[in-house]
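Worksheet: one structure, shown below.
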Amino acid sequence: MAGLQNEVTRDAIVVGNPGDTVMNNAHRVQVGGSLSGLMNAIILRHAGYKVNVLERSHPSQLYSESAGLGVGPNMHALIEKYMPAHEEYAIKMTEYELWDEQAKIQEKRALPYPLRMTNWRTIYDMLKSALMIEWPELPSPTYQTNAEVFDVRGGSVEVSVRYRDLETGAEEDLQTSFLIAADGANSSVRRKIWQDVSPSYAGYVLWRGRVPEGQVSWQTREALQDKAVFQRLGNGYMLSYLVPAEPEEIRRDSKHRRDIFWAFYDKVAKDSSQLKETMTDVDGNVHHNTITMKKIQPGVWQEAMGRIKLQACPFYGELMEKTTQLHVSAIQDFPNTKAVFCDDKVILAGDAMSQCRPHAGGGLNENAFQALELAKVLEGVSTLLQWEEICMESAAKARALAIETGKGFLPPGTIS
Ligand SMILES: Cc1cc2nc3c(=O)[nH]c(=O)nc-3n(C[C@H](O)[C@H](O)[C@H](O)COP(=O)(O)OP(=O)(O)OC[C@H]3O[C@@H](n4cnc5c(N)ncnc54)[C@H](O)[C@@H]3O)c2cc1C
């Protein structure tokens, strides 16, 4: 397998403008404009490429799924490298408390690595600004929304990408010598070029919510102040931590600076009517990933909240009652062994490459690792073959750590 350096030369021939720097004219197409899509697009741009991002969803739809997010060391390193002037974006945690049912501390434990707790939208906005920033000596990127890719074909020199404008229905073809598929765990590009892997349901769902810190009683605020807390419950486990409020919320109300984020892993058997009911929205559509607050059936949430409140300490009961942002997700993951296709012309990135359960907060960290390693390929210090190997090895470790962490908290038998 050739390194990406050969791709650069090939692009120069295709574009054929020897008067310019070779890379300035090299077009790269990127499918998926969520966090890994943006990270890889930034890295390509810094290496001198013209990047076209094709993203299926409208930004308002993306924002509606934003919840709490843990930023690990690789993601922080990426932020420091490509956004050195960034403002404070997170609240740092190095350990957590494990509570019993009466909210008494059983023990304090170190997190697998320091995590900066924040929210998805803050990171998305930071990455998007870093990608789109004016930079006269480099070609401007494009970030196209409502653009759904539905066909990818590898040719001998280029890859052909066919996409649909979801507003107008118009279809268009793009040719590129390098395609990054960062279109999530259910990647349609992966399915087109390689059908060997697909995510499978892990046996539990995750309820996630946020409450402005100022809206809870002082007792709850004090109990959950500046710490991450875990509590094992009969049917799963609960955790909470502080996150900055989303930029938009702070702009609306300068006193609203922090939220308490909570999450509950809820054991729900595969193929059960409970799972079907939980993942069916108010319009009767069945989801495989996430349902946002407005679409969750109120009865389903009331039932889950009632069950959780019976077991959890009162602080969590209060958080759930006052929740202003809520999501429910079916937890899934998959192992993988391959990320480079079509003679080095297509690569998978982010959750499209590999997906781990969120227990150890490692998903985003892995996505950042892949992007930082890709930068080394673009710099010529490693090859795509080495990139694929190192990413696969790291992803397997992150997946194993996530499963082990989940086993430590979930009721016995939930993860076999
Ligand atoms: C809107 C959103 C909010 C999220 N919020 C959180 C959160 O709060 N906390 C958390 O821990 N994790 C969250 N996640 C998951 C987290 O972003 C991912 O687990 C991780 O960062 C990997 O991201 P990714 O970019 O590889 O995949 P994803 O984040 O899944 O993004 C894939 C992107 O590809 C787009 N896409 C899919 N198919 C196509 C297609 N055919 N054509 C064009 N575009 C396509 C999707 O619209 C999506 O934007 C969220 C994901 C999304 C999409």
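FYI, it's all coordinate maths here, none of it is from the lab. Here the structure is a predicted model, which means the values were calculated and not measured. All Cβ positions, even for glycine, are placed from backbone atoms using ideal geometry, and neighbour counts span all protein chains on display.
Highest mean first, the peptides 287-293, 72-78 sorted by other C-beta atoms within 10 Å per residue fall in the order 72-78, 287-293. In sequence order, the stretch 156-173 has phi-based couplings of 6, 10, 10, 10, 9, 10, 10, 9, 10, 7, 6, 7, 9, x, 5, 10, 9, 10 Hz under the Karplus curve 6.51 cos²θ - 1.76 cosθ + 1.60, θ = phi - 60°, and Gly or Pro positions carry x. Proximity of backbone amide H atoms, modeled 1.01 Å from N, is registered between F150 and R162, Y163, R164 at under 5 Å, excluding neighbours fewer than 5 places apart on the same chain.
From the largest down, the stretch 115-231 spans 64, 46, 30 angstrom on the principal axes of its Cα atoms. Considering only P114, N40, S140, the residue lying farthest towards the positive end of the dipole of the stretch 36-176 is P114, judged by Cα position with unit charges set on Cβ. Packing order of peptides 141-149, 315-323, 347-355, highest average first: 347-355, 315-323, 141-149 (average count of other Cβ atoms within 10 Å over each peptide's residues). Counting Lys and Arg as +1 and Asp and Glu as -1, what is the net charge of the other residues whose Cβ lies under 10 Å from the Cβ of P212? It works out to a net charge of +1. Label sites at V282 and E222, each approximated as a point 7 angstrom past Cα along Cα to Cβ, lie 3.8 nm apart. Each residue of the stretch 383-390 is assigned a 3J(HN,Hα), and the resulting list reads 10, 4, 5, 5, 4, 4, 4, 5 Hz, derived from the Karplus form 6.51 cos²θ - 1.76 cosθ + 1.60 (θ = phi - 60°), x at Gly and Pro.
Listed by chain and number, the lysines whose alpha-carbon sits under 24 Å from that of K322, ignoring those within fewer than 8 places in the same chain, are K104, K227, K255, K267, K294, K295, K309.
Of Q102, Q332, Q30, the residue with the greatest mean-square motion in the GNM of the chain, using alpha carbon springs below 10 Å, is Q102. Look at E303, E366 and count the other Cβ atoms within 10 Å of each Cβ; fewest to most, that gives E303, E366. At q = 0.14 Å⁻¹, what log₁₀ I(q)/I(0) does a Debye calculation on the Cα points of the chain give, no solvent, two decimals? Each listed q corresponds, in turn, to -1.30.
Residues H327, H46, arranged from fewest to most other Cβ atoms within 10 angstrom of their Cβ, appear as H46, H327.
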